[in-house]
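Derivation of every value follows stated rules applied to the coordinates shown; laboratory data play no part. Being a predicted model, the structure only gives us computed values, none of them experimental. Methodologically, a virtual Cβ is constructed for each residue, glycine included, from the backbone with ideal geometry; neighbour enumeration extends over all protein chains shown.
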Amino acid sequence: MPALYGILVAANFIGCVGIWYFKQWGVQLYLAAFFAKVLFNLFINELGAGFYINISLTVIFSVVLLRFYPKMNPNL
């Protein structure tokens with residue numbers, strides 16, 4: 001399990017780097033890592049307050065990201 005969680009954290013970080021460079025693949029990877037991390041937390045039954053805070057902040061951040069998504073560069 002720790003290796004899988006490490007991959008999810010690394011994918012989240014790489015997605016943030018893509019967002020920093022204003023790339024569409026960064027948004028896609030960030031959202032995919034978010035959904036994978038939510039499924040992972042549901043699978044291991046870790047549903048504390050941090051889980052719900054993380055979901056709410058990511059949903060707000062995703063709305064902002066999807067607003068600027070068409071203006072982002074689709075190329076690598």
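Remarks
- Filtering region 45-76 to residues that are more than 18 Å from residue 32 (Cα to Cα), in contact with a helix residue (DSSP H, G or I) (Cβ under 8 Å, 6 or more places away or on another chain) and in a loop (DSSP other than H, G, I, E, B) leaves only 47.
- Flag for residue 69 being loosely packed, with under 15 Cβ neighbours inside 10 Å and touching a residue at least 40 places away in the same chain (Cβ under 8 Å): yes
- The sole residue among 44, 55, 60, 7 that is loosely packed, with under 15 Cβ neighbours inside 10 Å, β-branched (Val, Ile, Thr) and in contact (Cβ under 8 Å) with a residue 24 or more places away in the chain is 44.
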